[in-house]
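Peer 1: Got a structure for you, written out below as structure tokens; questions coming shortly.
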Amino acid sequence: MVDVDRSQKPTAPGGTLRPGIMGVSALVFLVMAFQAPLTAVAGNMPFIVGLGNGAGAPLAFIVSGVVLTLFAVPFVAMSHRITNTGAFYSYISAGLGRPAGVAAGWLAVCAYNVIMLVPIAYAGYFGNQVFRDELSIDVPWTVISAAILIFAWLVGIRGIELNTVIMGCLLCLEVGILILVVAGALLDPSTDKTLAVSDAFSGNIGVAFTFALLSFVGFEATAVFGEEARDPGRTVGKATYAAVWTIAILYALVAWAVIAVYPRGDVAGTAMDSPGTFLSGAAVRLLGPWSEHVINWLLLASLVAVSMAVHNMASRYLFAFGRDGLLPRALGRTHRRYQTPHLASTVQMLLMAGVIVVCLVTGTDPYLKLGAVAGAFATMAIVALMATTCAAAVLFLRRTGVSVWVRLVAPVIALVALLTALWLIWSNFGLLAGETVLADVLKWSVIPLAAGGFLHGLLTTRTAGATAPAGHP
């Protein structure tokens, strides 16, 4: 039986994150903040309903939750034996060897840094609308995006505890308004409360499940913060399952509530005719005009929360690569006082600031271009990482004595489901990212990126911070 000694800590100077500061609830808060429920519902649901399976949208979220629960079985089993902020990089290294792990790591580093552009771009776009509609002030989107980026950076350096407090408060507010929408639909006698299972597989199910899975991206953050969790072996597993089903149930209920407001035969057309007001329009009918103003401000707050969460994840992948010598080792240092990856955090912030400047110069649309393309690429890359993790788990867990369900059945079923999802995302990439040259380049870039990472892994020797278990290639 091969296992990983949890007591082993990275030996690089200053390369240890502050341990034992997050429990299950804090991890779930971080994951939920990454999801940004209000943003996910307002941004993705119109596409699931309008271009996907219409009234079957609630069931698309439930099916996605089932698939990700199957993935979570080997993912959690790996987290019980490997605690490292590199997550996918660490798990794939342990199961498939260092070259494959480095290839996955490079893909993860790119994915989590690119996905940071989504909340930053959306925050600028929606923030501009909110300030204009609510306060009659026209603030350039780049100014709003830069301000939120700097805020996420400063809070990230201060420590994950402050992140969880701020994000927890924001999360409670945005989830609260969504629950009120659900309650309003339940109590309103005029809403159509029917839900047919057959609707789940009607229309374009490829588009429906693509956008539904996009709404879950980030739930794997539980393992990324494992080094800072109390009793990672128990905390990460509980938080992962709790996060998946909290997200699935919440999104399904809200989708059902919003669809119930509109005439069933016209709901798809309504979603695409006015995607920006699909949620707020339903809220106004169920709760009154005040809800539109509340949703406007809470949507902006939701984007602040998700920016903080994604920034922390992206900086920790840079930190893990720096600590293992795959990027400059300075990135693997932590703050003397707060034990946060402050240098990696600063580099991540500067990368995003550079993109904002480029968009300002080129006049790039933050919502239709920057956010859409970044989200499509990151989702495709992360689903590919999940599928590879399932394959790695089959090889790694067979020597650990866990049950056949954990080491073989669940990983194989999840692998097939995730490969199917990956094909759906690949096939619909033009719809997700737009039919542009940039979208085509990003769609195919995952192949040379992974190949280059594999070669990098072959050419570099294992360092003190590497995560493969003893006796493993």
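Peer 1: Among the residues of the range 251-279, count how many are part of a helix (DSSP H, G or I), modelled with pLDDT under 85 and hydroxyl-bearing (Ser, Thr, Tyr).
Peer 2: Qualifying residue count, the range 251-279: 1.
Peer 1: Read through the list (1) among the hydroxyl-bearing types (Ser, Thr, Tyr); (2) touching a Ser or Thr at 6+ places or on another chain (Cβ under 8 Å); (3) open to solvent by 10 Å² or more (accessible area, probe 1.4 Å), then give the number of the only condition that residue 125 fails.
Peer 2: Only one criterion in (1) among the hydroxyl-bearing types (Ser, Thr, Tyr); (2) touching a Ser or Thr at 6+ places or on another chain (Cβ under 8 Å); (3) open to solvent by 10 Å² or more (accessible area, probe 1.4 Å) is unmet by residue 125, namely (2).
Peer 1: While we're on this one: May I ask you to list the residues in the range 84-109 that are surrounded by 23 or more Cβ atoms within 10 Å (Cβ to Cβ) and part of a loop (DSSP other than H, G, I, E, B)?
Peer 2: The answer is 84, 85, 86, 87.
Peer 1: Sticking with this one: Assess whether residue 201 counts as being modelled with pLDDT of 80 or more and within 21 Å of residue 421 (Cβ to Cβ). Please lay out each step first, then the result.
Peer 2: Numbers: modelled with pLDDT of 80 or more: no; within 21 Å of residue 421 (Cβ to Cβ): yes.
So residue 201 does not fit the description; no.
Peer 1: Of the conditions (1) within 20 Å of the chain's Cα centre (by Cα); (2) modelled with pLDDT of 90 or more; (3) farther than 23 Å from residue 398 by Cα, residue 167 satisfies every one except a single condition; which number is it?
Peer 2: Here residue 167 clears every test but (2).
Peer 1: Out of 53, 113, I need the residue that is part of a helix (DSSP H, G or I), open to solvent by less than 10 Å² (accessible area, probe 1.4 Å), modelled with pLDDT of 80 or more and in contact with a helix residue (DSSP H, G or I) (Cβ under 7 Å, 6 or more places away or on another chain). Which one?
Peer 2: 53
Peer 1: Restricting to the range 15-48, name every residue that is modelled with pLDDT under 60 and hydrophobic (A, V, I, L, M, F, W, C).
Peer 2: Selection gives 17, 21, 22.
Peer 1: Using the structure shown, decide if residue 379 is among the hydroxyl-bearing types (Ser, Thr, Tyr), modelled with pLDDT of 90 or more and either in a helix (DSSP H, G or I) or crowded, with 16+ Cβ neighbours inside 10 Å (or both).
Peer 2: No, not satisfied.
Peer 1: Moving on to the next point. Give the residue, chosen from 370, 360, that is under 16 Å from residue 145 (Cα atoms) and open to solvent by 30 Å² or more (accessible area, probe 1.4 Å). Give the derivation first.
Peer 2: Values: 370 fails: open to solvent by 30 Å² or more (accessible area, probe 1.4 Å).
Unique residue meeting the criteria: 360.
Peer 1: Here's something else I'd like to know. What number of residues within the range 395-407 satisfy the criterion of being part of a helix (DSSP H, G or I) and open to solvent by less than 40 Å² (accessible area, probe 1.4 Å)? Before you say what the answer is, go through the steps one by one.
Peer 2: Filtering the range 395-407 down to residues part of a helix (DSSP H, G or I) leaves 395-397, 404-407.
With the extra rule that they be open to solvent by less than 40 Å² (accessible area, probe 1.4 Å), the set shrinks to 396-397, 406.
So the answer is 3.
Peer 1: Now a separate question. Can you name every residue in the range 56-83 that is polar (S, T, N, Q), open to solvent by less than 10 Å² (accessible area, probe 1.4 Å) and either farther than 19 Å from residue 407 by Cβ or not in a helix (DSSP H, G or I) (or both)?
Peer 2: 64
Peer 1: Something else now. Mind listing just one residue for me: the one in the range 280-325 that is charged (D, E, K, R) and part of a helix (DSSP H, G or I) and, of those, surrounded by the most Cβ atoms within 10 Å (Cβ to Cβ)? So that I can check it myself, show each step before the final result.
Peer 2: Start the filter on the range 280-325 by keeping residues that are charged (D, E, K, R), which leaves 285, 292, 316, 323-324.
Keeping just the survivors that are part of a helix (DSSP H, G or I) gives 285, 292, 316, 323.
Values: 285: 19, 292: 17, 316: 28, 323: 31.
Here the answer is 323.
The values are calculated or read from the model by the stated rules, or taken from the named source; none is laboratory data. Predicted model, so just to flag it, every value in this text is computed and none were measured. Every residue, glycine as well, gets a Cβ built from its backbone with ideal geometry; the counts of neighbours run over all protein chains shown. Please note that ligands, DNA and RNA were not included when accessible areas were found on the heavy atoms of the full protein model with its side chains. Shrake-Rupley method; radii C 1.70, N 1.55, O 1.52, S 1.80 Å.
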